[in-house]
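Visitor: Below are the structure tokens for one structure; questions will follow.
The values are calculated or read from the model by the stated rules, or taken from the named source; none is laboratory data. Note that the structure is predicted; figures quoted are calculated from it, not measured. Positions of Cβ are generated from backbone atoms using ideal geometry, with glycine treated the same way; all protein chains shown enter the neighbour counts. Just so you know, the surface numbers come from the protein's heavy atoms only, side chains and all, with ligands and any DNA or RNA stripped out. Shrake-Rupley method; radii C 1.70, N 1.55, O 1.52, S 1.80 Å.
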Amino acid sequence: MKKLNSIIAALLMIVNAGFVTLPARAQTNKTAKNTTPTVFENPALVKKYQRLIVPESLAARLHFLASDLLEGRETGARGARLAAQYLASQYRQLGLAPPRNGGKIPAQATPESFFQPFKVYREMPHETRLEVSAGGKPVATSVFSAEKADDLSYFLSGGAKSADGALVFAGYGIADDRLSYNDLKALADRGISIDGKWVMILADEPLENAAASRLPTADKKPSSWSAQYIYKRAALLRAGRPKGILLVTDQSPRLTGTFAENAAKVSTNARRIGALSLYETSDVPQTFAVSTKFANRMLAASGKTIEALRGEIDRTLEPVVFDVADVSVKASIEASKPLETENVLAFIEGADPELKQEVVIVSAHYDHLGLDPQLAGDQIFNGAADDGSGTVATLELANAFMRAKRDGFAPRRSLLFINFAGEEKGLLGSSHYTYVAPVVPLDKTVADINLDGVGGMDANHPTKSRNYIYVASAEKLSDELLAINRQAHRLTGSSLEITDGNNRGFRSDSEGFQNQLVPFIYYSSGKTEHYHRPSDGADTIDYEHLTRVTQLIFASAWQIANQTEKISSVDRSRLKQIGYVCPPCPFDCEAEIHATGGICAVCGMTLMPKYAAKTD
């Protein structure tokens, strides 16, 4: 460990060398209007600066950023902090400024001056204690943490807050009239409320075996009720507001290993940072996996057992639901300590005295999945394509724009480069920026140009191309950006195949800007061959391809930053915020308008602002 720390210290000394005083450079005249030509006006000039973006520089940067030393750059972990320090030092060396300093670089600028710090909260509690009482007398207690596991229960998900209440058995927790099976309707028909109670349900659905359902599914295979537990949570929350959910997992033929073995694995995994949130608490009902052994102790006073209940339901395909009389469940939760993380922001002030008040954002997330100690062999998710490639591309774009500025071709509008933290944890860094603390007012933000996974190749590309880039946007909001990209592509002679990236299931940091009605364009090479695998290393990237992609993005950014006309966008002054809603998702939870921001209790996504036209 001492040797590793010495290597890291030496590397940081190298990358932080950029914090020495830079030589004086020619400054653009701030009093006269800057007349830097657009791509449309002078493509040859833009090509000159495109040529500064070269494979060798991209590779050099990415081999450091995606190295094992950074341990997968998991948000809140040491590797991500090292990555943030590296990025800040590189922007400082290139001559970019902290965004809150008016485009000037303080003589004693530190990496932290380029940071936008914020707190994140671990979903996994430090310790949980699940206690069951019958008739006011203790029946059983289960304690779970990263150091303790038993064969009774372990924490799965939800808000980290203590809760106690009565108990309801709700069968499989399925509500699906298409499959002629509805546990929640059976609860309503019997007048049983789940509000303020713990709900016990069986995992999956009535199954013949691990691969075959007893329900009338179209292909006889297990349905989505088995595939994703969240469907059950969503159904339960449509039926009421339970205190928590107890999921009996070890009766399912889909389970591999014993309950105790699975509890031990989850306990080991709890040593990782895991799921994170921007909010300390949430209304997501906490869910515990419980064993048949523990569940039967809860049901003992009723004279029923999990084995008998499951057997009856599976045989008759009729719901069995009931209040478990005189039994209470109490969860005591000790939350984990919050973690500190940061977005990295760097600024190039525009030269036009009027247009410089407007900002073009170039963004990419620098975090990835960290490491998994349970894996055999390589345990580090290096994240070279996702999104080391986009991150190093932002550095090369910043360098090209700064070189042009020194030559007298400064961008007319200001440029703000943002490397977001927490994208892999649910778009946390970009949600913090766009929903909580935008450094530049959103009505002065012309566009977001987002890069996420612009290296690597998608084996499922429609034409099997090895020389493409997906481009995604939002209809009407970003049509003009798409047109600019096509024109820049044509005028600079790019050989890339432009592929429509909409409706391909991509989610990235551009989503926050879209939800705030800021035009965006999103570049990606999609779900690549090594997507979210330890094999996503710097040696898998085609750097010639990454260079062509970055050069195209540079041309589009140049046009957006320099054209006289502002990108058409929604007039935010004519709107008012009326609350917060869940982003679109499969669970129909976006209809509810919340008074404050936070986490959607149904799907766990960060709530986004909801706007409506002003009536006055």
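Visitor: Need the full-extension length gain, ALA595 to ALA301, defined as separation in residues times 0.36 nm minus the C-alpha distance. One decimal, nm.
Guide: 101.6 nm
Visitor: Could you list which residues have their amide H under 5 Å from that of SER336, counting only those 5 or more apart in sequence or on another chain, with H placed in the peptide plane?
Guide: HIS126
Visitor: Quick one: go through region 54-74 and flag any residue whose amide nitrogen is under 17 Å from the point 7 Å out along the Cα-to-Cβ line of ASP378.
Guide: 62-74
Visitor: Right, here's the next one. Sequence gap at least 6, Cα distance under 8 Å: using those rules, report the relative contact order of region 413-566 to the nearest whole percent.
Guide: 37
Visitor: When the helix-only estimate is applied to the chain (DSSP H runs of n ≥ 4, each -39,500 (n - 2.57), divided by the residue count), what is the mean residue ellipticity at 222 nm, nearest 500 deg cm²/dmol?
Guide: -8000 deg cm²/dmol
Visitor: Leaving out ligands and nucleic acids, note down the accessible area per residue over the chain with a 1.4 angstrom probe, in whole Å².
Guide: 41
Visitor: So, R0 is 45 Å and r is the distance between the beta-carbons of LYS444 and ASP588; what FRET efficiency does that work out to, to 0.05?
Guide: 0.80
Visitor: If you take the charge dipole of region 291-375 about its Cα centre, with +1 on Lys and Arg Cβ and -1 on Asp and Glu Cβ, which of LEU355, VAL327, ALA301 is farthest toward its positive end?
Guide: Of LEU355, VAL327, ALA301, it is ALA301.
Visitor: Amide H of HIS365: which non-local residues (sequence gap of 5 or more, or other chain) have their own amide H closer than 5 Å, using H built in the peptide plane?
Guide: Amide H neighbours of HIS365, under 5 Å, 5+ apart: PHE420.
Visitor: How large is the charge dipole for region 474-616, taken about the Cα centre, if only the Cβ atoms of Lys, Arg (+1) and Asp, Glu (-1) carry charge, to the nearest 20 debye?
Guide: Charge dipole, region 474-616, about its Cα centre: 400 debye, nearest 20.
Visitor: Report, to the nearest whole %, how much of the accessible area of region 404-472 belongs to carbon and sulfur atoms, 1.4 Å probe, protein only.
Guide: Percent of accessible area from carbon and sulfur atoms in region 404-472: 51.
Visitor: Need one number: nm distance between label points at LEU69 and GLN228, each 7 Å from Cα along Cα→Cβ, rounded to one decimal.
Guide: 4.0
Visitor: Which part of region 360-393 falls in the paramagnetic zone of GLU529, meaning amide N under 15 Å from the point 7 Å along Cα-to-beta-carbon?
Guide: 384-386
Visitor: Full extension from ARG78 to ARG178: what is 0.36 nm times the residue separation minus their Cα-Cα distance, to one decimal in nm?
Guide: Full extension from ARG78 to ARG178 adds 31.1 nm.
Visitor: Sticking with this structure for a sec: Explain nothing, just compute: Karplus ³J(HN,Hα) = 6.51 cos²θ - 1.76 cosθ + 1.60, θ = phi - 60°, for every residue of region 340-349 in order, whole Hz, x for Gly and Pro.
Guide: Values, residue by residue: 9, 9, 7, 7, 10, 10, 9, 10, 10, 6 Hz.
Visitor: Order the peptides 414-420, 475-481, 400-406 from the highest to the lowest mean number of other Cβ atoms within 10 Å of their residues.
Guide: Put in order of decreasing packing, that is 414-420, 400-406, 475-481.
Visitor: So the label point goes 7 Å from the Cα of LYS566 along Cα→C-beta, right? Which residues of region 407-432 then have their backbone N under 17 Å from it?
Guide: Under 17 Å, as judged by backbone N against the label point of LYS566, lie 412-416 of region 407-432.
Visitor: Under 9 Å from the Cβ of SER363, count the other residues' Cβ atoms, weight Lys and Arg +1, Asp and Glu -1, and hand me the total.
Guide: Every neighbour counted, the sum reads -3.
Visitor: Pop out the ³J(HN,Hα) list for region 461-469 in order, Karplus 6.51 cos²θ - 1.76 cosθ + 1.60 with θ = phi - 60°, rounded to Hz; leave Gly and Pro as x.
Guide: Once θ is set to phi - 60°, the couplings for region 461-469 become 4, x, 10, 6, 5, 10, 8, 9, 8 Hz.
Visitor: Figure the gain on full extension for GLN357 and GLU497 (residue separation times 0.36 nm, minus the Cα-Cα span) and round it to one decimal in nm.
Guide: Contour length minus Cα-Cα distance gives 47.0 nm.
Visitor: For region 64-142, run through the chymotrypsin sites (Phe, Trp or Tyr not before Pro) and keep only the ones in DSSP coil with at most 10 other Cβ atoms within 10 Å of their Cβ.
Guide: none
Visitor: Which of the following values of volume of the Cα convex hull per residue in Å³ was calculated from the structure shown: [x] 152; [y] 183; [z] 169?
Guide: Among [x] 152; [y] 183; [z] 169, the one calculated here is [z].
Visitor: How large a share of the accessible area of region 146-245, in percent, is made up of carbon and sulfur atoms when the probe is 1.4 Å and the other protein chains stay in place?
Guide: Of the solvent-accessible surface of region 146-245, carbon and sulfur hold 47 percent.
Visitor: Set the Förster distance to 25 Å, then compute FRET efficiency between ARG507 and LYS476 from the Cβ-Cβ distance, nearest 0.05.
Guide: My answer for the efficiency is 0.80.
Visitor: Taking 7 Å along the Cα-to-C-beta vector as the label spot, tell me the LEU255-ARG486 distance in nanometres, rounded to one decimal.
Guide: So the two model labels end up 5.6 nm from each other.
Visitor: Another question, if that's okay. At 7 Å along the Cα-to-beta-carbon direction for both LYS614 and ARG466, put a label point, then send me their distance in nm to one decimal.
Guide: So the two model labels end up 5.6 nm from each other.
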